[in-house]
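The values are calculated or read from the model by the stated rules, or taken from the named source; none is laboratory data. Here the structure is a predicted model, which is why all the values come from computation and not from measurement. Here the Cβ positions follow ideal geometry from the backbone for every residue, glycine too, while neighbour counts run over all protein chains shown. Just so you know, the surface numbers come from the protein's heavy atoms only, side chains and all, with ligands and any DNA or RNA stripped out. Shrake-Rupley method; radii C 1.70, N 1.55, O 1.52, S 1.80 Å.
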Amino acid sequence: MSDFYQNGVITNFHNLTHRSVESLEKEMVRFSRKRKMGLILPSLFSELEGPALDNIVNELAKVPYLDEIVIGLDRADRDQFLFAREFFSRLPQRHRILWNDGPRLKALDAELDKEGLSPSQPGKGRNVWFCTGYTLASDRTQCVALHDCDIVTYERGMLARLLYPLANPSFQYEFCKGFYARVADGKLNGRVGRLLVGPLLRSLQKVYGHSEYLDYLTSFRYPLSGEFAMRTHVLNGIKIPGDWGLEIGVLSEIYRNYTTRQTCQVEIADNYDHKHQPLAEDDGTGGLKRMSNDIVQSLLRKLATMGVPLTSDSFRVLKATYYRNALDMMEIYNHEATMNGLKFDQHIEEAAVEMFTQAILDAGQAFIERPNEKPFIPSWSRVQSAFPDILQRIYQAVEEDNDGKV
């Protein structure tokens, strides 16, 4: 089944989870003869030591239609990289590991940095950026998916559902976003999506006026999902944030470069769970506090590029509007939890809302104080204009790391 949202922004496919994985994969194998498919896995080395990624690799080993898997490995020394090569060796598909902390990729990164073309900070955005560069250099796929490595409920049907709208040669979608319910251990999860992004998008409309861009974001069931897919050529022209604003940033770039008719979302799982972030780390930073700040800044930067006047006074109005909207939504989620027999801790939920409220003020202040900050990693098309052979050099470095001595 499929439908359009009330505002007619993007196509929404659901209930694909009711189809057997075997039936989907049989069709995907047929599609792969015309549209080769790949997968990007951004990973921390610590995830290789947990149960989630071990199960993900076991599931991926059964996928019959992938031509290439590109794994971005962060925070790994030499011995850990060698461990990773052995860990992923069970994959029967062609696969390559980007050792982002290795000497070869670090040397290329330093060269790019001299020209202001390197990601300004480590993190998921940087990891994904180098993986997309290798994917373009490899040139083995026509469409590529990306998902996280901490999904504890992973099964390979998620990937088939995510890629299906792009793999089907009779469809002309350029981008697909995954969505799913966030329920686990008898309670509602996904606090940043439920209590920050949803109420914030509505509040931005109230404070700054109607926006087709905000309509577009609101039409996604789960805009923060780390599962999305696109035609491979799309990777060449998008600029992504290097921080936790990655998912919102990617949606914004798709909105800028493509029509909404070329964008869809698909239900990839009945339920989904992954590693949960604390509200903040022990030192008061990181966790959902850092994530929420990055997400708000990503939204503000996009609105500013569209000519929306953002001022300190308006941020205070936005904070008050958001807080009221978030509390109203919290009450609705309380009712939803009660109707479904789920636990609901009002104190924890309200504490999250209060932290997100402060994050809006902090992000607004940071936006005002650093107007010249470069929020995006340069697109690969721009990097290639400065370094015409950069993709070939990344390809060679990765091949030497994976096949040679390190």
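Which residues, counting only those in the stretch 15-45, are modelled with pLDDT under 80 and surrounded by 12 or more Cβ atoms within 10 Å (Cβ to Cβ)?
Hits for the stretch 15-45 are 16, 17.
Quick check on my filter: what residues within the stretch 369-399 are open to solvent by 70 Å² or more (accessible area, probe 1.4 Å) and either in contact (Cβ under 8 Å) with a residue 24 or more places away in the chain or more than 26 Å from the chain's Cα centre (by Cα) (or both)?
Correct list: 369, 374, 382, 385, 388, 389, 392, 393, 396.
Conditions (1) touching a Pro at 6+ places or on another chain (Cβ under 7 Å); (2) at pLDDT below 95, marked per residue:
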position: 322; (1), (2): yes, no
position: 327; (1), (2): no, no
position: 365; (1), (2): no, yes
position: 386; (1), (2): no, no
position: 392; (1), (2): no, no
position: 400; (1), (2): no, no
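If I filter the stretch 197-217 for residues that are over 15 Å from the mean Cα position of the chain (by Cα), surrounded by fewer than 18 Cβ atoms within 10 Å (Cβ to Cβ) and under 30 Å from residue 134 (Cβ atoms), do I get at least one hit?
The answer is no; no qualifying residue exists.
Tally up the residues in the stretch 167-178 that are open to solvent by less than 10 Å² (accessible area, probe 1.4 Å) and either charged (D, E, K, R) or under 22 Å from residue 214 (Cβ atoms) (or both), please.
Within the stretch 167-178, residues that are open to solvent by less than 10 Å² (accessible area, probe 1.4 Å) and either charged (D, E, K, R) or under 22 Å from residue 214 (Cβ atoms) (or both) number 4.
Mind counting the residues in the stretch 286-308 that are free of Cβ contacts under 8 Å to residues at least 60 places away in the same chain and open to solvent by 30 Å² or more (accessible area, probe 1.4 Å)?
Adding up the residues that qualify gives 3.
Restricting attention to the stretch 119-128, does a residue exist that is over 25 Å from the mean Cα position of the chain (by Cα) and assigned to a helix (DSSP H, G or I)?
Among the residues of the stretch 119-128, not one is over 25 Å from the mean Cα position of the chain (by Cα) and assigned to a helix (DSSP H, G or I), which makes the answer no.
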